[in-house]
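S.K.: Structure below; questions to follow.
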Amino acid sequence: APQFVQGVQTKGRANYDRWVRTYRISYSLDGETWMQLPEEYEGNRDRSTVHENRLMPFKAKAVRLHPVTWHRHICMRAELLGCGGTSNLTYTCSNLAYLNEENENCMDVERRYDGDFARMSSDFCQRHGAVAKFTALSAKAACCVCGGGERSWVHLAGGGSSPIKQPPPQAPKKFLPGGTAYLPPTSCHMVDGTGGIVCSRSVRLQTVTIKNAGVWHMQRPIRVQSDFGFATTIYSVCYRQYEFSVFQDMRHMLVPPMTASSLADWDSMRAEVTMRQGDRYVIQIETIQNPDGWTVKMPGVEKSYTCDESPVRYGPDFYSSATSREALAQGLSNHSGATLNISMEYDLYKIAHLPLLETAGESDSAGNWGYLAANASYVVSKWHPGVFSLLLTDKGLITGANHYGPWNGLRRDPREKMVTRPVSSGRDAATMDFSHIHTTFAWSRWSTSEDMEEQSEDVEEQTLPLAASSRLEYLVSHCGFSAAAFGLLSPEVAAAVEAHEAVGKGSIQTGSVRRFKWSEWPRDLGGKPSLLPAHLGQGLGNVTIEADWEVTIDEDVDFVNTLNISGVLKFEDKPGCCKLVARYIMVGPFFGRLEAGTADSPFIHGRAHIILKGHPMTPELQHFRPHIVGSAKWMKSKFIAVQGTLSLHGEERSKIWSRIPPPG
C-alpha cells in the first residue's frame, strides 16, 4: 500500500570516490503513472557522509531518484524516510527552524522520539504548539517536515498537495545563518534576504578580538553562547585571531572545540576590546578540573588570587537564596537542573554573571572575576563543570591603546585617536557617548605553587593544596578519586595505597572494592536495574558502574540506554553466557575496564556478545559528562567509546597452513 515519504538519505560508492551531486525525485501511487517533484535536490560531496533531504510529505508506492550531476560516475546508496502512520495528512508546517525553547528543530524532535509519532504528538506537539507554531497532522500521527521553512500545505485526498497563501508564523531562529544567534531577539533582528543581524540604537554592542587563545589557539570552531543561543566566532586566517560581539549586561560563554581525543582545560587568553564609558560585559569559560587560582590583567590592573579569595565570591546565599532560584526558574528548559531533578548547582552558571554586574559601578571593578567550582564526581548525574566569569568595564583602567593617563570618558589629550563621531565644539573634546577606550585584557589559570609565584607574590605558598599534600591526597581530596578504586588496578597498587603515609595518619580512607554479580546487585547500591516503561524506549535506562565497583555479568542484559563504566564490568566465563545490549557505552578513563577474558586468563567457556542497539533515526546523545565535555552528537546514534581499557581475549585458534601445488 502507498505510504507517506518525507525524506531521502544518500551516500556515495563505498570503495571508490564516486557519488551523485544533485538529483530529482519522481513518485507513483500505482507504479505506472509518475509525477515529478519540481525541485532539484543536493546530493553528496564525498563518498561516505550521509546527506539528508527532508521533503514535503507525499504518498507513494514507488519512488525514483534521477541523477542530474555527479562526480566521476553515477553511484548512489539511498534510503527513504517514512512519515509514520498511514492516515491521511491534513495540515503540516515545513521546517520551522527551532520548535521549542531547547532549540530543537524538526529532525532533532523526530530522533528524540525514535519514530513514535503518537507519543510525539501527545508529548511534544500538543504541549509545545504555542511555542513551536507546530500543527499536528492527526490525533494518531505527527510528522515534523523539514523541507524549506516558508510554506504550509494542505494535503488533498487524492495524494497531491496545495500551498496555503498565508503560512503560519515562524518559530524564532536562533542558531541558523540569518538568525539572531546568541544576541537577544528582543533587541536585535534578522535582516531579510541578507543574513545580517541589526540591533536597536540603544544597544551597547562591541567587538572582542582574541589575539591568543592559549591551548585552543588556531583551533576551530570556538563558539560563543548565551541564554538566547550560540554562534561560531569569526576566525581571521590572515591575522590568526578570533572576533565576536559582546552585548551589554549579558554573559558570553566561550566554548572551545573539545572532543574525546582533544580534551583540555582552557589555560589562558589574551584579547582586545573597545569600550565606551559605562560599558559592562561578562566573559565566561567552563573548566573540567578546578584550578587553584586565576590571574586577570588589564592596563594598570592585575588581580591574581586563589579561587577562594576571588574579587567576587559566591557565598552560601548565592547557592540557596530565593533570588537565585527565581532567576533560574525564568530559564527552565528540558536541560535545566530542576527539570532533570538534579542539584540546582548544575544551572548556576546561567546567573553567575549577576554578582559581577553588581560591582560594575565600583571605581576599580575592571577585571573583577569569580569562580563557580566544578563538582568533581565520576557519577554522571552529579558532575558539573566549573565556570570562570570575567567582568569587562572601564572602571579602574589606567591606560589604553588610544589614550594616555586616567580616562573619564572624554578625549582630552590631542595625542588620542580621534573618535568616530565627535559632536562637541570644545577643543579636542567629545561627548562621553562617542569617546572610546581601546584596551587589552588577559586571563590565565594556575594550579601549582610555581605558577602562583610567577603570577603574584602576595599569595602565600601554603594556600595551595599541592603544597601541603601528597599526590594521593590531592587526587582523592581535590580530583574526586576514590581511594578504594586503586584496588582495581593490581594487588601491588592496592598494597601501596594501604601503606601510604596519608592512610596511616587518617587523612584519607581507603575502603574496599565492591564486587558483585549483575543478578545479585546489592540493595544498598540501588538494587538490580529494572525495565522502564516501554513507551520511553530506554530499556533499563542509564546505568553507571562506579569507579570502585567490579560487576560481573552473569545473565543477559537487554538493554541499557546509556552505560557508563567508570569501574570494572566483566563477563562471567560460563557456558551460555552472556549478552550485553546497549545503545551508548562509555568505558571511562583511569579505572574504567570492560572485560571478557584477559591475556593470562582467556575467555573460553562462555560467549561474550556485545550488541549496540540503534539505527539512523536513534536520537544522538546530547552529552556524556564527565567523559565528554560539550556536545556528544559527533558520536552519532550508537557507540562504544573507550578511554580506559577494553580487554577482549578469547581462546586462541589453531593455525592451519597448506601448500597449494602449482598446476601441472
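The values are calculated or read from the model by the stated rules, or taken from the named source; none is laboratory data. Here the structure is a predicted model, which is why all the values come from computation and not from measurement. For neighbour counting, all protein chains shown are included, and Cβ atoms are generated from backbone atoms with ideal geometry for every residue, glycine included. Side chains are part of the model used for accessible areas, which takes the heavy atoms of the whole protein and leaves out ligands, DNA and RNA. Shrake-Rupley method; radii C 1.70, N 1.55, O 1.52, S 1.80 Å.
S.K.: Restrict the check to the range 19-34 and report whether at least one residue is open to solvent by 80 Å² or more (accessible area, probe 1.4 Å) and touching a residue at least 60 places away in the same chain (Cβ under 8 Å).
M.R.: No: zero hits.
S.K.: Do we find that S512 is at pLDDT 70 or above, out of contact with any Cys (no Cβ under 7 Å at 6 or more places or on another chain) and more than 30 Å from M275 (Cβ to Cβ) in this structure?
M.R.: Criteria met by S512.
S.K.: Scanning for something modelled with pLDDT of 70 or more and exposed (fewer than 14 other Cβ atoms within 10 Å of the Cβ), does the range 446-461 turn up at least one residue?
M.R.: Within the range 446-461 (the criterion being modelled with pLDDT of 70 or more and exposed (fewer than 14 other Cβ atoms within 10 Å of the Cβ)), the answer is no, since none of the residues qualifies.
S.K.: Just give me the residues in the range 274-290 being outside any loop (DSSP other than H, G, I, E, B) and under 30 Å from I585 (Cβ atoms), in sequence order.
M.R.: E286, T287
S.K.: Which members of the range 275-284 meet the condition of being open to solvent by 30 Å² or more (accessible area, probe 1.4 Å) and either modelled with pLDDT of 85 or more or of a type in the set (F, W, Y) (or both)?
M.R.: If the condition is that a residue be open to solvent by 30 Å² or more (accessible area, probe 1.4 Å) and either modelled with pLDDT of 85 or more or of a type in the set (F, W, Y) (or both), then R280 is the only one that fits.
S.K.: Within the range 291-314, is even one residue modelled with pLDDT under 75 and closer than 22 Å to Q225 by Cβ?
M.R.: No, the range 291-314 contains no residue that is modelled with pLDDT under 75 and closer than 22 Å to Q225 by Cβ.
S.K.: If you scan the range 375-393, which residues turn out to be part of a strand (DSSP E or B) and either open to solvent by 10 Å² or more (accessible area, probe 1.4 Å) or at pLDDT below 85 (or both)?
M.R.: N375, H384
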